[in-house]
1. Here are Leu138, Leu131: which of them is assigned to a helix (DSSP H, G or I), away from the ligand (no atom under 15 Å from the Cβ) and in contact with a helix residue (DSSP H, G or I) (Cβ under 8 Å, 6 or more places away or on another chain)?
2. Return the pairs, sorted by first residue and then second, in which the second residue is of a type in the set (Val, Ile, Thr), the first residue lies in region 94-117 and is outside any strand (DSSP E or B), the beta carbons are less than 7 Å apart, and the residues are 6+ apart or on different chains.
3. Restricting the search to region 155-195, which residues are in a helix (DSSP H, G or I) and closer than 17 Å to Ala143 by Cβ?
4. Could you say which residue among Val183, Val216 is at pLDDT 95 or above, crowded, with 19+ Cβ neighbours inside 10 Å and away from the ligand (no atom under 16 Å from the Cβ)?
5. Collect the residues in region 239-283 that are within 14 Å of the ligand (Cβ to nearest atom), open to solvent by less than 10 Å² (accessible area, probe 1.4 Å) and in a loop (DSSP other than H, G, I, E, B), keeping them in residue-number order.
6. Got at least one residue in region 63-86 being in contact (Cβ under 8 Å) with a residue 60 or more places away in the chain, within 16 Å of the ligand (Cβ to nearest atom) and in contact with a strand residue (DSSP E or B) (Cβ under 9 Å, 6 or more places away or on another chain)?
7. Please tell me if Ala108 is over 23 Å from Val207 (Cβ atoms), open to solvent by less than 30 Å² (accessible area, probe 1.4 Å) and among the small types (Gly, Ala, Ser).
8. Does any residue of region 232-246 turn out to be of a type in the set (Asp, Glu) and out of contact with any helix residue (DSSP H, G or I) (no Cβ under 9 Å at 6 or more places or on another chain)?
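The values are calculated or read from the model by the stated rules, or taken from the named source; none is laboratory data. This one's a predicted model, so the numbers in the text were calculated from it and none came from an experiment. Positions of Cβ are backbone-derived with ideal geometry, glycine not excepted, and every protein chain shown enters the neighbour counts. SASA here: full protein model, heavy atoms, side chains in, ligands and nucleic acids out. Shrake-Rupley method; radii C 1.70, N 1.55, O 1.52, S 1.80 Å.
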Amino acid sequence: MTTTGSGASTRLAQRDWLTLEQQYYQHTFARLPVTFERGEGVRLFASDGRVFLDLVAGIAVNVLGHCHPAVVEAIRQQAGELIHISNLYVNERQVELAEELYQLSATATQDGMRSFFSNSGAEANEGAIKLARKFGKLHRDGAYEIISMDRSFHGRTLATTAATGQKKYQDTWQPLPDGFIQVPFNDLEAVKSATSAKTAGILIEAVQGEGGIYPVTPTYWQGLRQWCDEHDLVLIADEVQAGVGRTGKFWAWEHFGATPDIVTMAKGLAGGVPIGAMLAGPRADIFEPGDHGSTFGGNPIACAAGVATIRTIKEQHLLEHATAMGAYLRGKLEGLSVKYPFISGVRGLGLMMAFDVANDRAAEVARAAFEHNLLITNAGPRTIRFIPPLILGQGDIDEATELLDNALATVAR
Ligand SMILES: Cc1ncc(COP(=O)(O)O)c(C=O)c1O
């Protein structure tokens, strides 16, 4: 029986959701045994009365925390005016969001990037792959191949699975679409050797997320840019996880001194409402009517939430805040790694942090944290990942450190 929430949710909480989920939902996810009935800021309120400190943020989605008033109000207002119109007509909220992204991506030497909106990160990457193939057709005699990186993650559709550099996501689905190869990360010579007459572009996360929070080096990133310029390839930055301020810059690539041709986004862009975006800079902005589309992409509600999210990030200086809180969190994690030697390799940028756990015990650590009312998640078997809301405060980090310390003590033995 729940101890929080309204009468309606109290009634609902009395159903056995965990059993019902097994009965009615496909067994796609190994979920933790909890249902939540409410979220506010960095807290999630479970139906059984527990209150969790949430450093997962819907897997890097709730950048403003749960139910931020600006996002709630934008959704509420838009839902009362116009929910969906299709892409047959000009959509004011879509234009507003594209304008924000254009302005954010404009530099002293280059116009901003224009947007195409979809509904997820995988779909954003599909758009980028199609755009790269069109670029290859026009500029490189029909080249279509994409070079991506070992340990990368680009989504669950067939093409994005083929682009993902992790065998565990690929094996079951062979044969995968043709035209994708992977090379070691942060190795420019490997990209050079893999480039052939078939190559159309390079797809890369400036900070690998699912692969374990690994940033590119500036020399590598700038080397990729130069290689793409010399050989007329497109450089595609997958910012689905690292974008929207998570690393302390709006896009992670801004840390590394060169601008990509195409940028993909999703997750945090609309503060929790499903959205994807594929941005093209002047060199790659070559889609024409009929080339690409999406029924829901750029839906007014998603775009209204996106505009509210970006404006809130700007107004509340959340990029600077993420940088400061990231440094504070790093110090705390380094402290824990001294106390618990089975933790090592504290790394990351801004509020995209990680550490490794010896003997592939990351899932065990995440579970122990869960038992202590702290939500963190692993990235692979040996890495714990921190992708909290950008509104996370110093007091929250202190509390999270204490909870994690208590949890680690139960794993340490
Ligand atoms: C870097 C990156 N690209 C693409 C995706 C796929 O996004 P979605 O799950 O929205 O399709 C993810 C999801 O985790 C991601 O981290």
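1. Working: Leu138 fails: in contact with a helix residue (DSSP H, G or I) (Cβ under 8 Å, 6 or more places away or on another chain).
Of Leu138, Leu131, the one residue that is assigned to a helix (DSSP H, G or I), away from the ligand (no atom under 15 Å from the Cβ) and in contact with a helix residue (DSSP H, G or I) (Cβ under 8 Å, 6 or more places away or on another chain) is Leu131.
2. Glu96/Val307; Leu97/Val307; Glu100/Val307; Glu100/Ile310; Thr107/Thr259; Gln110/Thr259; Met113/Val263
3. The first filter runs over region 155-195 and keeps only residues in a helix (DSSP H, G or I), leaving 158-163, 167-173, 188-194.
Once the filter is applied, which keeps residues that are in a helix (DSSP H, G or I) and closer than 17 Å to Ala143 by Cβ, region 155-195 yields Ala159, Ala162, Ala163, Val191, Lys192, Ser193, Ala194.
4. Details: Val216 fails: away from the ligand (no atom under 16 Å from the Cβ).
Within the list Val183, Val216, the selection yields Val183.
5. Glu239, Ala242, Gly243, Val244, Arg246, Thr247, Trp251, Pro260, Ala266, Ile275
6. no
7. Details: over 23 Å from Val207 (Cβ atoms): yes; open to solvent by less than 30 Å² (accessible area, probe 1.4 Å): no; among the small types (Gly, Ala, Ser): yes.
Taking the combined requirement at face value, the residue does not satisfy it.
8. In the first step, residues of region 232-246 are kept if they are of a type in the set (Asp, Glu); the result is 232, 238-239.
Narrowing the set further to residues that are out of contact with any helix residue (DSSP H, G or I) (no Cβ under 9 Å at 6 or more places or on another chain) leaves none.
No, region 232-246 has no match at all.
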